[in-house]
Ligand code: LP5
Ligand code: MN
């Protein structure tokens, strides 16, 4: 009995090493498990489900094979791939979950999310987020031809990298008070998220009870997987070279 959680792979055709590690993960250890949860930023950037490049087909087919084999797969949007939609879901069999979802993880109610919504001190990002999550703005964006969307996406990426250099580490991390607030509101003592690329297990207190926040790692230098069984959860890494 195993449930796996991954996030922040930032898959792109420019990083065949990450892609190879991910495809191996999908065809080996993800087989036969209870469920696979992808908590956002699966892709470096997603500009619409109609971007059907051979690279995207390869990734989608890995999910299709896994879901066809009987493994339920779930996805929560990240800040890089919040435009993944119904067509992706239909093509892969992956179920899209709301941005804050509580799951029963072997008897422990667990809040799963990407993590960007917890970075409330990053006001610039939260303002930006509101705009790009606006349905009308997205509708307008999807009217544009793929190549324009690609160019806008690249501009936004470089704009983001530039502004990130001016932000402190504290601003780009989750706000501790917001973590407690969200957990208390949803009445959970366990949270799993990604986004900050700071893999760790943090002990905290929520409503006077012991709680924990598990942070998933990114896939820049190696694969990163949270392995959960009825006995507990463990953060593990996977080498790019088999
Ligand atoms: O992603 P990362 O790690 O660099 O930083 C994130 C936050 N940045 C983002 C922006 C994404 O990287 C861009 C993704 C493109 C998606 C595809 C296009 C979709 C278009 C949709 C239109 C409907 O998420 C960053 C956080 C950081 O995490 C840590 O949490 O700080 O936030 C920002 O950088 C936000 C900035 O403060 C403002 C955004 C600058 C964008 C500049 C746009 C200029 C070009 C516009 C061209 C039309
Ligand atoms: Mn992210």
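The values are calculated or read from the model by the stated rules, or taken from the named source; none is laboratory data. This one's a predicted model, so the numbers in the text were calculated from it and none came from an experiment. Ideal geometry is used to build each Cβ from the backbone, glycine not excepted, and the neighbour counts take in all protein chains shown.
For the range 42-61, how many residues meet the condition of being within 16 Å of ligand 1 (Cβ to nearest atom), in a loop (DSSP other than H, G, I, E, B) and touching a helix residue (DSSP H, G or I) at 6+ places or on another chain (Cβ under 9 Å)?
Counting residues in the range 42-61 that are within 16 Å of ligand 1 (Cβ to nearest atom), in a loop (DSSP other than H, G, I, E, B) and touching a helix residue (DSSP H, G or I) at 6+ places or on another chain (Cβ under 9 Å) gives 9.
Among the residues of the range 191-236 satisfying the criterion of being within 16 Å of ligand 1 (Cβ to nearest atom) and at positive phi, which is surrounded by the fewest Cβ atoms within 10 Å (Cβ to Cβ)?
Only one residue fits best here, namely 197.
Looking at (1) touching a helix residue (DSSP H, G or I) at 6+ places or on another chain (Cβ under 8 Å); (2) assigned to a loop (DSSP other than H, G, I, E, B); (3) surrounded by fewer than 17 Cβ atoms within 10 Å (Cβ to Cβ), can you tell me which one residue 14 breaks?
The number of the failed condition is (1).
Between 182, 188, which is away from ligand 1 (no atom under 12 Å from the Cβ), part of a helix (DSSP H, G or I), surrounded by 15 or more Cβ atoms within 10 Å (Cβ to Cβ) and in contact (Cβ under 8 Å) with a residue 60 or more places away in the chain? Show your work before the answer.
Working: 188 fails: part of a helix (DSSP H, G or I).
Exactly one residue qualifies, and that residue is 182.
Please go through the range 71-122 and pick out each residue that is closer than 15 Å to residue 214 by Cα and within 16 Å of ligand 1 (Cβ to nearest atom).
The answer is 113, 114, 115, 116, 118.
Report whether or not residue 204 is assigned to a loop (DSSP other than H, G, I, E, B) and either at pLDDT below 95 or over 18 Å from residue 39 (Cα atoms) (or both). So that I can check it myself, show each step before the final result.
Details: assigned to a loop (DSSP other than H, G, I, E, B): no; either at pLDDT below 95 or over 18 Å from residue 39 (Cα atoms) (or both): yes.
Against the criterion (assigned to a loop (DSSP other than H, G, I, E, B) and either at pLDDT below 95 or over 18 Å from residue 39 (Cα atoms) (or both)), residue 204 does not qualify.
Conditions tested, residue by residue: (1) in contact with a strand residue (DSSP E or B) (Cβ under 9 Å, 6 or more places away or on another chain); (2) surrounded by fewer than 16 Cβ atoms within 10 Å (Cβ to Cβ); (3) free of Cβ contacts under 8 Å to residues at least 40 places away in the same chain.
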site	(1), (2), (3)
28	no, yes, yes
32	no, yes, yes
53	no, yes, no
68	no, yes, yes
74	yes, no, yes
